[in-house]
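Below you'll find the structure, written out as C-alpha cells, and then a few comments.
Throughout, read-outs are computed from the coordinates displayed, never taken from laboratory work. Just so you know, these numbers come straight off a predicted model, no measurement behind them. Virtual Cβ from ideal backbone geometry, glycine too; neighbours counted across all protein chains shown.
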Amino acid sequence: SGDFLDQIKFRGGKLVREQEHVHAINGVSLDVIQGEALCVVGESGCGKSTVARTVMGLLKPSAGEVSYRGERIDNLDDKALLPYRKKMQMIFQNPYASLNPRMTIMETLREPVQFHNPSLSAVELRDKIHEVMHSVGVDPSWGERYPHEFSGGQRQRISIARALAVDPEFIVADEPISALDVSIQAQVLNLMMDAQESRNLTYLFITHDLAVVEHFGTRVAVMYLGTLCELASTKNLFAEPRHPYTRALLSAIPRLEDDRPDFIRLQGEVPTPVNLPSGCVFHGRCPHANERCKQEIPALIPLADGSQVACHGVEEGRI
Ligand code: SF4
Ligand code: MG
C-alpha cells in the first residue's frame, strides 16, 4: 500500500519541477457541480492541465485555494489528504506511462482497493476487482498479464478501472482519450459516460477537442493563456459563443453547415506564457481589440443566460 502513496508523491515531485516552466494560472475560479461533467478546453499551454493537477493536489497553488465540499484541501498534509485520495481520482492522458510496467493488471487494481478498504476479505477484494473490470470491458482473465501486453485503448480501460475501483465521487481526467487511436476514442468516452451515469460521478474533464466537449460536457470552461475566457453550459456555448476566443475555437471545427456569420479565424501565434500581454491576454489576436483591451484585464461577468464571459467587447455590447 505504500507504493500507491509513493506514486502520488512522485508525480507531485515531477510536477513541481515542471511548474518552474509553466506560468501560473491567473484568477481562474471554478466550481464543479455535483453530477456534471465540467470540460476545461483550450489549446496546448493554456493552463488546463495545471488546473487539473492543482485540483488533485499534485501542484500546490502559490495563491488561491482548492476546496472539496467546503473543506479546504490544498494545505493538507498527506495523512489528512487520504480520505480525499479515495474520493478524488485522476485519469491521465498517457496510459503507457500511468501504469506500472512491473505490476500485473490484478496487482495494479488490487493495490488501491486494498489500501482504501483494508477490511475486505480476499474473496471480497477479488469480486470487487472483477466487477469493476467487467464494468469497463476488461476481461478478468487478463489479470495475470502485464501492461505491455495491451493496446493503448485496453490500457486506458485498465487505468479507468483503477480509478473506479476505489469508488470515487469525483474524477479529474486530463485528455484521457487524446493519446488513443481515433477509432477507439469514442468507445472510451462512452465508457466514461456510462460510468458517470451508473456510479453518479462528477467529472472535471480536460480536453483540447471541442467535439468531445459537445458530446460529453455539461458545462464548458474555455481557457486561454492561463485565464478563464468563458464559462457556459455546453448548449449555450455551442449555440451562442460569446468570447472572441471561443468563437475562434469553434470556427476551427469543420462542419457541413459552415454558414455561421461572424465566426473568427485565429491569427498570429499564442504568446509565450513567460511574458504575458497586458490587459486582455487575447488582445494581440483579437479582431475586436481596442485601447481598453490592451490595458485593462477583463473581469468575468455574468450574462442573463447564466454564462460568464471575460471580455470588454461583450460587456460594452459591441460584440
Ligand atoms: Fe477581444 Fe477585448 Fe474581448 Fe479581449 S477583451 S477578447 S481583446 S474584445
Ligand atoms: Mg495538457
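Indicate, rounded to the nearest 5 percent, the antiparallel portion of the DSSP beta bridges found entirely in the range 2-217. Please report the intermediate quantities before stating the final value.
Values: 2 of 16 bridges.
Here the share of antiparallel DSSP bridges comes out near 10 percent.
Rounded to the nearest 0.05, what FRET efficiency do Arg318 and Glu149 have when you use their Cβ-Cβ distance and R0 = 45 Å?
Values: r = 59 Å, r/R0 = 1.30.
So the FRET efficiency works out to roughly 0.15.
Figure the gain on full extension for Leu276 and His215 (residue separation times 0.36 nm, minus the Cα-Cα span) and round it to one decimal in nm. Working shown, then result.
Numbers: separation 61, 0.36 × 61 = 21.96 nm, distance 3.26 nm.
Full extension from Leu276 to His215 adds 18.7 nm.
Under 5 Å between amide hydrogens, which residues at least 5 positions from Gly226 or on another chain qualify, with H placed 1.01 Å from N in the peptide plane? Answer set, sorted by chain and number: Gly47. From the alpha carbon centroid of the range 85-120 to that of the range 222-242 is 33 Å.
Could you compute the net charge surrounding Pro147? Neighbours are other residues with a C-beta less than 13 Å from the C-beta of Pro147; K and R count +1, D and E count -1.
On the way: positive: Arg102, Arg145, Arg155, Arg157, Arg162; negative: Glu107, Glu144, Glu149.
My count for the surroundings of Pro147 gives +2.
Note that the range 29-187, at 37 °C in a medium of 0.692 mPa s, gets a Stokes-Einstein diffusion coefficient of 194 µm²/s from its Kirkwood radius over C-alpha pairs. Take each peptide in 151-163, 126-138, count the other Cβ atoms within 10 Å of every residue, and average; sorted highest first, the result is 151-163, 126-138. The listed peptides 169-178, 140-149, ordered by packing as a protection proxy, come out as 169-178, 140-149 (highest mean of other Cβ atoms within 10 Å first).
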